[in-house]
Amino acid sequence: MFATLSDRLADTFKNLRGKGRLSEADIDATAREIRIALLEADVALPVVKEFVGAIKDRARGEEVSQALNPAQQIVKIVNEELVEILGGETRRLRFAKTGPTVIMLAGLQGAGKTTLAAKLALWLKEQGRTPMLAACDLQRPNAVNQLQVNGERVGVPVFAPQPGNGVGDPVAVAREALDEAKRKLHDVLIIDTAGRLGVDAELMQQAADIRDAVQPDEVLFVVDAMIGQDAVTTAQAFLDGVGYDGVVLTKLDGDARGGAALSIRSITGKPVMFASNGEKMTDFDLFHPDRMASRILDMGDVMTLIEQAEKTFDAEQAMKAAEKLSGKGDFTLDDFLQQMQQVRKLGSMSKIMGMLPGMGQFRDQLENFDEREIDRIQAIIQSMTPAERANPKMIDGSRRARIAKGSGRQVSDVNNLVDRFFEARKMMMQMARGGGIPGMPGMPGIPGMPGPGKKGKQAKQAKKGKKRVSGNPAKAAQEKAAQAERPAAGANPFGKPAGEDLDYEQAAAALNLPKDFSKFLK
């Protein structure tokens, strides 16, 4: 969603590189480029003025003029100001001390409230809560049925005494739902309310009546992040008519400009609490302003990636794979396939790679990545026999032809997979054993590089000082005999064993020294 904004900001910062000092003209030009980038991203004009003004004031201050790298300091300032307009800190749900916590969802029709209600219920369920959904959208056709289907998918009960489709009183359903939640000891009640195609008095009054009937602990305004600056107008109208505690952004995975996310917090003063960025029920999480700012500035979002991996990966399987890579077993193609399948559970490869720092420059390649490549790898591996998967070295030409035919691929695809597997296994085993990454200079354990014991000149001197043994048996025997005739270690140069007194006069004579000089040897 923020691809255009990220690219424009990256180009702006690129122009500052290599400058030891920023002039007034540099600061003005940078501020102008940032202003254009924000306006093109559909950010509200008052927010743009405030944002650019804050950056210019700080850029003219001492923190930039005295910085060793002014360009990096400007990036730091932009990052901090982005975090500020996105909300500063992560806002979490407030739970009731007694009784069920009531969360009411409000917003326009089409914003994604019904789907988001199920996503929120699943998220709370994973947090150890016991949520219940209440179907109070009795206007939109099949809204009740949709919530029931979504509730079944996430394993959360749905309270729906009325069929909907224009039949029933939503305020009465909300009251009954609260009583039902208390009776069945649910600690969270999520109320899905009706939306309209536009802001009108009837919609506002119905939402206000439900709010007064159940006294929710949290009222969340659900807004489609793709509707641009109109999101700010709608958010302000709901704030004046109904009131809410936080905002939930949906469809953040879309290709719209995304200015709503940067505008709502500053205009309404209400924090963005959650973000939905996909069609799956698990594509939902807390909104972290600092992480979103990092994504916009192409600094990645490694923390979110780690959290997703912790939830998705099987710890036992990961431990077994790590043990095999460290030398306690053979890392086979079966293990390789398991790792690929675990990674796939995180989502699309383009989405995963997009969370890594600096991947914005490869955006075109990531967007064109064929997600079916993992399916093809799986087909090739599963076309092998168990013995072949356990020992890929036995896969000769005839076997590769059979595997290619069984998987519907070319022999070259099988060759590439086997070669890539051996390379990947070698690299992972070297890293698991603490040997560093192959090809990185100065890392221990790399062929041709000195190990951790002796390095550089020390290693050469040790090698130079070591006596080589001849390969000729007769010559080797002669060298051994000559070595035996030499004084043993600890003996003095005159053949006396270590520990015996030396005749110093004899020593002086042997050295052709005067007799009187012997006293200096004592």
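The values are calculated or read from the model by the stated rules, or taken from the named source; none is laboratory data. A quick note: this is a predicted structure, and the numbers were derived from the prediction, not measured. Neighbour counts are summed over all protein chains in view; Cβ atoms, including those assigned to glycine, are modelled from backbone coordinates with ideal geometry. What goes into the accessible areas is simple: the full protein's heavy atoms, side chains included, and nothing from ligands, DNA or RNA. Shrake-Rupley method; radii C 1.70, N 1.55, O 1.52, S 1.80 Å.
Structure summary
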| read-out | value |
| --- | --- |
| Residue pairs meeting the criteria (Cβ under 7 Å; at least 6 apart or on separate chains; first of a type in the set (Gly, Ala, Ser), in the stretch 75-96; second in a loop (DSSP other than H, G, I, E, B)) | GLY87/PRO271; ALA96/ASP217 |
| Residue within the stretch 70-82 that is over 23 Å from SER263 (Cβ atoms) and either part of a loop (DSSP other than H, G, I, E, B) or over 29 Å from the mean Cα position of the chain (by Cα) (or both) present | no |
| Those residues of the stretch 192-212 which are of a type in the set (Val, Ile, Thr), in a loop (DSSP other than H, G, I, E, B) and more than 39 Å from the chain's Cα centre (by Cα), in sequence order | none |
| Residue check for VAL43: over 30 Å from HIS186 (Cα atoms), part of a loop (DSSP other than H, G, I, E, B) and in contact with a helix residue (DSSP H, G or I) (Cβ under 9 Å, 6 or more places away or on another chain) | yes |
| Criterion violated by ASP7 - all others in (1) in contact (Cβ under 8 Å) with a residue 60 or more places away in the chain; (2) open to solvent by less than 60 Å² (accessible area, probe 1.4 Å) satisfied | (2) |
| Among (1) modelled with pLDDT of 85 or more; (2) open to solvent by 20 Å² or more (accessible area, probe 1.4 Å); (3) assigned to a strand (DSSP E or B) - the single one ASP285 does not satisfy | (1) |
| Test: THR30 is β-branched (Val, Ile, Thr) and open to solvent by less than 30 Å² (accessible area, probe 1.4 Å) | yes |
| Flag for VAL232 being among the aliphatic types (A, V, I, L, M), more than 25 Å from VAL102 (Cα to Cα) and touching a residue at least 24 places away in the same chain (Cβ under 8 Å) | yes |
| Criterion violated by ALA25 - all others in (1) at pLDDT 80 or above; (2) over 13 Å from LEU262 (Cα atoms); (3) touching a helix residue (DSSP H, G or I) at 6+ places or on another chain (Cβ under 7 Å) satisfied | (3) |
| Set ALA315, ALA275, ALA293, ALA322: member being among the hydrophobic types (A, V, I, L, M, F, W, C), at pLDDT below 70 and open to solvent by less than 70 Å² (accessible area, probe 1.4 Å) | ALA322 |
| Criterion (open to solvent by 10 Å² or more (accessible area, probe 1.4 Å), touching a helix residue (DSSP H, G or I) at 6+ places or on another chain (Cβ under 8 Å) and under 22 Å from VAL222 (Cα atoms)) met by exactly one of LEU178, LEU86 | LEU178 |
| Any hit, the stretch 172-191, residues being among the β-branched types (Val, Ile, Thr), at pLDDT below 90 and over 34 Å from the mean Cα position of the chain (by Cα) | no |
| Selection count, the stretch 213-227, where residues are more than 20 Å from LEU93 (Cα to Cα) and either open to solvent by 10 Å² or more (accessible area, probe 1.4 Å) or not in a loop (DSSP other than H, G, I, E, B) (or both) | 4 |
| Qualifying positions in the stretch 241-251 - at pLDDT below 85 and either of a type in the set (Gly, Ala, Ser) or open to solvent by 20 Å² or more (accessible area, probe 1.4 Å) (or both) | GLY241, LYS251 |
| Which numbered condition THR98 misses (of (1) farther than 30 Å from ALA172 by Cα; (2) assigned to a loop (DSSP other than H, G, I, E, B)) | (1) |
| Matching residues, the stretch 147-189, being of a type outside the set (Gly, Ala, Ser), assigned to a helix (DSSP H, G or I) and touching a residue at least 24 places away in the same chain (Cβ under 8 Å) | LEU147, ASN150, ARG153, VAL154, PRO170, VAL171, VAL173, ARG175, LEU178, GLU180, LYS182 |
| Selected residue (criterion: modelled with the highest pLDDT) from residues of the stretch 47-74 that are open to solvent by less than 30 Å² (accessible area, probe 1.4 Å) and within 14 Å of LEU22 (Cα to Cα) | ILE55 |
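To keep it simple, each residue is scored yes or no on (1) open to solvent by less than 60 Å² (accessible area, probe 1.4 Å); (2) of a type in the set (D, E, K, R); (3) at pLDDT 70 or above.
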| residue | (1), (2), (3) |
| --- | --- |
| SER350 | yes, no, no |
| ASP364 | no, yes, no |
| ILE374 | yes, no, yes |
| THR385 | yes, no, yes |
| ALA401 | yes, no, yes |
| ALA404 | yes, no, yes |
| ARG409 | no, yes, yes |
| ALA424 | yes, no, yes |
| MET427 | no, no, yes |
